[in-house]
Amino acid sequence: MGCSSSSSKDKRSETMLKATLIIQNWYRGNRARLKARQQYALAIFRSIEYADEQGQMQLSSFFSFMLENYAHVHQDDPKLVNRLVKIQHDIKNSRDLVDLIVVPDSYDGPRLQFPLTFTDIVSLVEAFKQQQILHAHYVLEVLIETKRVLMQMPNITHVKTSPSKEITICGDLHGKLDDLCLIFYKNGLPSENNPYVFNGDFVDRGKNSIEILMILFVSFLVFPEDLHLNRGNHEDFMMNLRYGFTKEILHKYKLHGKRILQILEELYTWLPIGTIIDDEVLVIHGGISESTDLNLLHRLERNKMRSVLIPPMKDSGEYATDLKQNKVGETVTAPGRIKPNESPSEDLSVCEWKQVIDILWSDPRSKKGCYPNTCRGGGCYFGPDVTARILSRHQLKMLIRSHECKPEGYEICHDGKVVTVFSASNYYEEGSNRGAYIKLSSGMNPQFFQYQVTKATCLKPFYKRVNTLEMSAIKILKERIIARKSDLICAFQLEDKKNSGQISVSQWAFCMESILRLNLPWRSLSLHLVDIDRDGKVDYMSSFHDIHIEKPVKEVHSALIETLYRYRSDLETVFNIIDSDHSGLISMEEFRAMWKLFRSHYSVPIEDSQVDYLANAMDVNKDGSIDFNEFLKAFHVVHRYEKLKKDVNFG
Amino acid sequence: MAEEKEREELAAAEFHKKIKEAFEVFDHESNNTVDVREIGTIIRSLGCCPSEGELHDLIAEVEEEEPTGYIRFEKFLPVMTQVLLERKYRPIPEDVLLRAFEVLDSAKHGFLTKEELIKYMTEEGEPFSQEEMEEMLSAAIDPESNSIHYKDYITMMAIDEN
């Protein structure tokens, strides 16, 4: 009796053990697949982000091309040439202008009192948390005063810490106010005993770029010795045109936005490019290259670096694009100026300009040596050997940089010599990554602090977060796919020898990779993007099923629509440049001339007459000018599931 | 026989590409290595379900003689290809999983209490870490009753996977 009951107990516990093992095994498999899906989604975001930046950099060569040709074509319309070549006339009467802008009594937003004090910092942070908007009068006052003080700062600030005075280093914020508030909540507001370095990219992408700037600039004006700002690649008026900050300003400040943008454009050029802490740690936004020379960087006139997209003009008419032909490992040793007895130039020399680009755009990689950063189109990839050499050459121990989103908010590489810190959590999408900041003091190891902003009071379960992330990533990937529909169909049909409408997954993956030039795990993603039958054959036209580009005018060719959709970010940037007074309108003639140049430089196979027809059709007023925001908005994409949702709501 | 061998070669070639893709997503440095702690994730993302013990053995196969903390692709590829060709570590069918939960649910309630689940998962078999336990609970638990309605939970996860 005893025997049989204990053996049945044994049997029971053996069954329970087996059951437990089954559940644990299943859970771990499930969890791992979620983790992999999360990585795939992040890979999609990252590769599209860098491809976009590369596209932006390519505009640089287009502008050089434009300058070369536009001047010939439009000798009596030098507006564009002036815009790009001449420096903004000094806004000497801006002080008077600010006084003319009256803050009404009815304004219930934050009010600043000059000279600024700690109270102003606090009141700004509180006000912005409640989504208030700072009046343009104060914005302009802060900008003008900030520019004045920044002009007195060196290119690279030297800072000392002590055990009682640690310094905090933050990375990219990209307009995410919640993250800045979270940092201040955890780490305290800036003060003499709580110094900060903000390492660039304060603006673009997020929706509170101006608020972040205001908090940072006001803090800087109150504590100029303890709040350090480094320029990032997004502190650049041309980047702002494409990545959202210009729009944010014009939307929040309808009356005075243009003025704000003008002052900001110049202010950016006065931001220091780096900080050195305790003569040991170099803090810069992007990275370094084989030829990085801190002495040169200390000396150059940083305010001549207007934009990464406006390379210095060369006398002989050559473009600065030969910079990009810098071969692997070759050091750029151009002399300081091209012609030493030139009259003082408004530009940096080519060599100086490249040095700044490297600082703002480069990324560390594990491969040795220094290579052009082909992903982004600017700066380099630098290896651990480059780091070791440059650091030792300048007697430094560590490089802290930002510029790249890291899942944990920070990452250490190059044997601990390079640290990336990124402070915008949920950068790509809710749940995509944490943010971090670093605390340093002399003689102690750096300390890392992580955080993640979340809307809910508690974190959603992992599978839900992965779902959100994945859906978002697939959505933007599909937008890239539809933008290359014609080229993709050609490629598919080339593989489809039997004209069956089907190809193998392998062939499909090959076509996607070669046309879209995004290094992604296409096979693993195929399930989300195409229909695959049981024999593993892909119905390739299903790549385009869930999404289409809205046609603004019926009679226009799909290929034209697709092309304009594909280049719309570039076109937007170019339009905004031409529209120097930010009116939102350009003339038909300007549009035609610009389009001609664009088409020939980018080798777009669209006839001018087609574009003409389209532009005319969209000039509703028939007054000879195009509202280009309307023009560009017309080329939007409709996702099928969104359309269904709309029908349900209004059905 | 020759035909079968050819089919196997084709299958292996296809597996190679799949394995390479899955590996590259975790190869953050783009130098054909991944952190050994990610190997389990990679293997499972390819559809296999080894137990912790089996995973441990697999890692031993692909590690360097002197473990570096990194696994090289050249070592991983042949081992993983073989695993896929032999269809090893097949995932658990949904009905088997359901029955496993039912076994633990000795009172046949249709649900497990939070305490019961924690006890089994963290004390028996290949125990969960605290992080794993918290994560499973966050998805599985019904906040109102503080219990796990396992049939619904399994169904939800299965839909999500597909």
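Rule-based calculations on the coordinates, nothing more; no lab input. Quantities reported herein were computed from a predicted structural model and do not represent experimental measurements. Here the Cβ positions follow ideal geometry from the backbone for every residue, glycine too, while neighbour counts run over all protein chains shown.
Numbers below:
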quantity: Between helix B:73-85 and chain B: long-axis angle, C-alpha atoms, 0 to 90°, nearest 10; calculated: 60
quantity: Partner chain coverage, peptide B:130-137 - average Cβ within 10 angstrom; calculated: 3
quantity: Per residue convex hull volume, Cα atoms of the stretch A:420-571, in Å³; calculated: 192
quantity: Links that overshoot a 30 Å alpha carbon limit, given the list A:LYS368/A:LYS478; A:LYS35/B:LYS88; A:LYS186/A:LYS406; A:LYS147/A:LYS254; A:LYS475/B:LYS114; A:LYS633/B:LYS20; calculated: A:LYS368/A:LYS478; A:LYS475/B:LYS114; A:LYS633/B:LYS20
quantity: Enclosed volume per residue, in Å³, of the convex hull spanned by Cα atoms of the stretch A:473-544; calculated: 77
quantity: Net lengthening on full extension, A:LYS207/A:ALA388 (0.36 nm per residue, minus Cα-Cα); calculated: 61.3 nm
quantity: Rg in Å to one decimal, and Dmax rounded to a whole Å, for the stretch B:1-86 via C-alpha atoms; calculated: 13.3, 42
quantity: Sequence-separation-based contact order of the stretch B:94-158, relative, with Cα cut under 8 Å and 6+ spacing, percent; calculated: 37
quantity: Lys, Arg +1 and Asp, Glu -1 on Cβ, resulting dipole of the protein assembly as shown about Cα centre, debye, nearest 20; calculated: 420
quantity: In nm, spacing of pseudo-spin labels at B:MET133 and A:ASN193 (7 Å Cα→C-beta vector); calculated: 4.2
quantity: For the stretch A:511-572, radius of gyration divided by Kirkwood radius, i.e. Rg to Rh on alpha-carbons; calculated: 1.05
quantity: Square roots of five times the Cα gyration tensor eigenvalues for the protein assembly as shown, Å; calculated: 49, 34, 28
quantity: Order of A:SER362, A:SER543, A:SER7, A:SER402 under a 10 Å beta carbon neighbour criterion, fewest first; calculated: A:SER7, A:SER543, A:SER362, A:SER402
quantity: Exposure proxy order (Cβ contacts within 10 Å, fewest to most) of B:THR41, A:THR374; calculated: A:THR374, B:THR41
quantity: Residue order, fewest to most beta carbons within 10 Å, for A:MET594, A:MET305; calculated: A:MET594, A:MET305
quantity: Residue-by-residue Karplus 3J(HN,Hα) for the stretch B:120-132, coefficients 6.51, -1.76, 1.60, Hz, glycine and proline x; calculated: 5, 6, 9, 10, 10, x, 10, x, 6, 6, 4, 4, 4
quantity: For the stretch B:94-158: span of alpha carbons on each principal axis (Å, largest first); calculated: 26, 25, 24
quantity: Estimated distance in nm for a label pair at A:PHE449 and A:ASP627, the labels positioned 7 Å out from Cα along Cα-to-Cβ; calculated: 4.7
quantity: Number of partner chain Cβ atoms within 10 Å, mean per residue of B:13-25; calculated: 4
quantity: Shielding by partners, peptide A:13-20 (average Cβ within 10 angstrom, other chains); calculated: 5
quantity: Residue pairs, from the table A:LYS11/B:LYS151; A:LYS176/A:LYS417; A:LYS464/B:LYS18; A:LYS551/B:LYS17, whose Cα atoms sit over 32 Å apart; calculated: A:LYS551/B:LYS17
quantity: Protection proxy ranking of A:112-122, A:221-231 - average other beta-carbon atoms within 10 Å, highest first; calculated: A:221-231, A:112-122
quantity: Contact order relative to length of chain B, as percent, for alpha carbon pairs under 8 angstrom and 6 or more apart; calculated: 18
quantity: Binned Cα-Cα distance frequencies in chain B - 10 Å width, integer %; calculated: 9, 30, 29, 22, 10, 1, 0
quantity: Distance-filtered residues of the stretch A:519-551 - backbone nitrogen under 12 Å, label point 7 angstrom along A:THR374 Cα→Cβ; calculated: A:519
